[in-house]
Amino acid sequence: MEKKEIRGLIRTFTSTLTEADKAQQAHSVTEQLRHIIIERKPKIVAAFMPLSDEIAIDIADLSALCRIVIPRITSDKHSEATMEFYDYNLADISAGAYGIEEPQGSQAIAADMIDMMILPGVAFTSQGDRLGRGKGFYDRYTSRKNFRAYCIGVCYSHQILPNLPVEPHDKRVDEVVYGRP
């Protein structure tokens, strides 16, 4: 299957999940992430504010364990949009690019300061292959010369597939954590 087809099938299946199932799987993923954070002891963890079809991990819960940063998409009319990470502060979040809730802080966190990154995805394999939305924000960010973070993909259980089409620019994650229904 091609990436576009996979994205469509996953989107359709995700739309059939009940709110209770979404909440259960999100809780399961958050608990697994808690254990990983306690074990690995990262100082700074990059997370994300979920879109409606992404698993909604409990960032507030995780922020009790470490410093959390979340992305903001920046763009000007002369260059390609980029993603930078800023401190998570619930009072300082507002809708930004693509309707995603974003931090409004003024000081971006350098890529080499991030110890762990939690990434959303449309689909993953258990080996760490990741299919994103197709804009390449995470692939470009994790390709930065000074990026060193341990990367964890998170998703619902139906988003784990046996294989995915992979291109040279597609970056793998180190670990995949998925919801347990």
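The values are calculated or read from the model by the stated rules, or taken from the named source; none is laboratory data. Given the structure is predicted, the values throughout are model-derived calculations rather than measurements. Quick reminder, even Gly has a Cβ in these numbers, built from the backbone with ideal geometry, and neighbours come from all protein chains shown. Surface accessibility is based on the protein's heavy atoms, side chains included, excluding ligands, DNA and RNA. Shrake-Rupley method; radii C 1.70, N 1.55, O 1.52, S 1.80 Å.
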Just to be sure I understand the filter: pairs with C-beta atoms under 8 Å, separated by 6 or more residues or on different chains, first member in region 3-14 and within 15 Å of Ser52 (Cα to Cα), second member open to solvent by less than 100 Å² (accessible area, probe 1.4 Å) and assigned to a helix (DSSP H, G or I). Which pairs pass? Ile10/His158; Ile10/Gln159; Phe13/His158; Thr14/His158; Thr14/Gln159
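Just a yes or no: is a residue in region 164-171 charged (D, E, K, R) and under 22 Å from Ser75 (Cβ atoms)? Walk me through how you get there before you give the answer.
Taking region 164-171 first, the residues charged (D, E, K, R) are 167, 170-171.
So of that shortlist, the ones also under 22 Å from Ser75 (Cβ atoms) come out as 171.
Within region 164-171, one or more residues are charged (D, E, K, R) and under 22 Å from Ser75 (Cβ atoms).
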So Ile57 passes all but one of these: (1) open to solvent by 30 Å² or more (accessible area, probe 1.4 Å); (2) among the aliphatic types (A, V, I, L, M); (3) not in a helix (DSSP H, G or I). Which condition number does it fail? (1)
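Can you tell me which residues in region 152-172 are in contact (Cβ under 8 Å) with a residue 12 or more places away in the chain, open to solvent by 10 Å² or more (accessible area, probe 1.4 Å) and of a type outside the set (Ser, Thr, Tyr)? Break it down into steps so the answer makes sense when it comes.
Filtering region 152-172 down to residues in contact (Cβ under 8 Å) with a residue 12 or more places away in the chain leaves 152-166, 169-172.
Filter again for open to solvent by 10 Å² or more (accessible area, probe 1.4 Å), leaving 157-158, 160-166, 169-172.
If the condition is that a residue be in contact (Cβ under 8 Å) with a residue 12 or more places away in the chain, open to solvent by 10 Å² or more (accessible area, probe 1.4 Å) and of a type outside the set (Ser, Thr, Tyr), then His158, Ile160, Leu161, Pro162, Asn163, Leu164, Pro165, Val166, His169, Asp170, Lys171, Arg172 are the ones that fit.
Starting from residues that are open to solvent by 20 Å² or more (accessible area, probe 1.4 Å) and touching a strand residue (DSSP E or B) at 6+ places or on another chain (Cβ under 7 Å), keep the ones in region 123-151 and report whichever is nearest to Ile37 (Cα to Cα).
The first filter runs over region 123-151 and keeps only residues open to solvent by 20 Å² or more (accessible area, probe 1.4 Å), leaving 126-127, 129-130, 133-140, 142-148, 150.
From the residues that got through so far, the ones that are touching a strand residue (DSSP E or B) at 6+ places or on another chain (Cβ under 7 Å) too are 126, 130, 137-138, 142, 150.
Values: Ser126: 20, Arg130: 21, Phe137: 24, Tyr138: 21, Thr142: 19, Tyr150: 11 Å.
Among those residues, the one meeting the criterion is Tyr150.
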Could you tell me whether any residue of region 78-89 is over 23 Å from His27 (Cβ atoms), among the small types (Gly, Ala, Ser), at pLDDT below 95 and in a loop (DSSP other than H, G, I, E, B)? yes
Counting only residues that are of a type in the set (A, V, I, L, M) and either under 17 Å from Glu2 (Cβ atoms) or modelled with pLDDT under 95 (or both), how many does region 125-168 have? 4
Name the single residue, out of those in region 24-54 being free of Cβ contacts under 8 Å to residues at least 12 places away in the same chain and assigned to a helix (DSSP H, G or I), that is least open to solvent (accessible area, probe 1.4 Å). Glu31
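Considering every residue within region 66-76, establish whether at least one is of a type in the set (A, V, I, L, M), surrounded by 14 or more Cβ atoms within 10 Å (Cβ to Cβ), part of a loop (DSSP other than H, G, I, E, B) and without any contact (Cβ under 8 Å) to a residue 60 or more places away in the chain. So that I can check it myself, show each step before the final result.
Residues of region 66-76 of a type in the set (A, V, I, L, M): 68-70, 73.
Applying the additional criterion that residues be surrounded by 14 or more Cβ atoms within 10 Å (Cβ to Cβ) yields 68-70, 73.
Now narrow it down to the ones that are part of a loop (DSSP other than H, G, I, E, B): none.
No, region 66-76 contains no residue that is of a type in the set (A, V, I, L, M), surrounded by 14 or more Cβ atoms within 10 Å (Cβ to Cβ), part of a loop (DSSP other than H, G, I, E, B) and without any contact (Cβ under 8 Å) to a residue 60 or more places away in the chain.
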Yes or no: Ser106 of a type outside the set (A, V, I, L, M, F, W, C), over 14 Å from the mean Cα position of the chain (by Cα) and either closer than 13 Å to Asp174 by Cβ or part of a helix (DSSP H, G or I) (or both)? no
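Could you tell me whether any residue of region 101-109 is open to solvent by less than 40 Å² (accessible area, probe 1.4 Å) and more than 21 Å from Ala60 (Cβ to Cβ)?
Going residue by residue through region 101-109, those that are open to solvent by less than 40 Å² (accessible area, probe 1.4 Å) are 102-103, 105, 108-109.
From what is left, the residues that are more than 21 Å from Ala60 (Cβ to Cβ) are 108.
Checked region 101-109: at least one residue is open to solvent by less than 40 Å² (accessible area, probe 1.4 Å) and more than 21 Å from Ala60 (Cβ to Cβ).
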Among the residues of region 111-130, is any part of a loop (DSSP other than H, G, I, E, B), over 26 Å from Ser157 (Cβ atoms), touching a residue at least 12 places away in the same chain (Cβ under 8 Å) and touching a Lys or Arg at 6+ places or on another chain (Cβ under 6 Å)? yes
Could you check Ile114 against (1) modelled with pLDDT under 80; (2) closer than 24 Å to Val29 by Cα; (3) open to solvent by less than 50 Å² (accessible area, probe 1.4 Å) and say which number it fails? (1)
